[in-house]
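Trainee: The structure that follows is given in the form of structure tokens.
The values are calculated or read from the model by the stated rules, or taken from the named source; none is laboratory data. Predicted, not measured: the structure shown is a model, and the values here were computed from it. Counting neighbours? That spans all protein chains shown, and the Cβs are built from the backbone with ideal geometry, glycine included.
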Amino acid sequence: MKAVYAPHKQQGAVLIIAMVLLLVMSLIGLSSVVSSTLQEKMASNVQQRTLARYAAETAVRAAEVYVSTTIINKSRLAMFNGANAGLYAATPVNPILFSNDLVKQASVLSDTSVPANWTNANSVEVLDLTDKVKATNPRYVIEYVGRRSQGGTVVWSNSAPVERGAPHIFKITAIGWARDTSVYSVLQTHFMTGTGVGVFDYEE
């Protein structure tokens, strides 16, 4: 008598094993997709932060160019009386700026870390960035803060004695946005004028 086999039982086991392997492979594939998506988002965030930083640096550079090409003598410091948006002064420059003329940046743009606080009324818009870099133009403000003393230390008021030709110091604050307007960068630096004839040659 011939033996009778039941191949259908073996086929059932193979089916279960195949389904388990398929499930494992699906989970591996799904994990790879999730990982790739996260990496893409992280790369995009880094790119957006970099674009915002570049935009803010562009605004800082524009402010430095403005000071070096426009504020070419002491009388031009009168522009920092708050009448010109984005130009402020924290210290007097007699007889150019008096205490009652001072309009400090802190009183006009109190919190520079809040993008909504930057407006046409209190800051200067920089227009030379391409739309491929940003969604909105970067901005800057400049505040006159004082002069350098004879000893080379920074003087934040006009009361300390300074030598003829001592540089003037300006605080520059700038903000730049990426293509995603929720991503922005705020930078702050100090810019000091040069010394010598043609830069700041004024009488004390």
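Trainee: Mind checking which residues of segment 35-58 are modelled with pLDDT of 75 or more and over 17 Å from S123 (Cα atoms)?
Mentor: In the first step, residues of segment 35-58 are kept if they are modelled with pLDDT of 75 or more; the result is 45-58.
Result: N45, V46, Q47, Q48, R49, T50, L51, A52, R53, Y54.
Trainee: Moving on. So the check is Cβ under 8 Å with 6+ separation or different chains; which pairs have a first residue in segment 59-77 that's closer than 18 Å to V103 by Cα and modelled with pLDDT under 95 and a second one that's assigned to a helix (DSSP H, G or I) and not aliphatic (A, V, I, L, M)?
Mentor: R76/T70
Trainee: Then there's this: Looking at (1) within 23 Å of S182 (Cα to Cα); (2) of a type in the set (S, T, Y); (3) modelled with pLDDT of 85 or more, find the lone condition where T130 falls short.
Mentor: The failed condition is (3).
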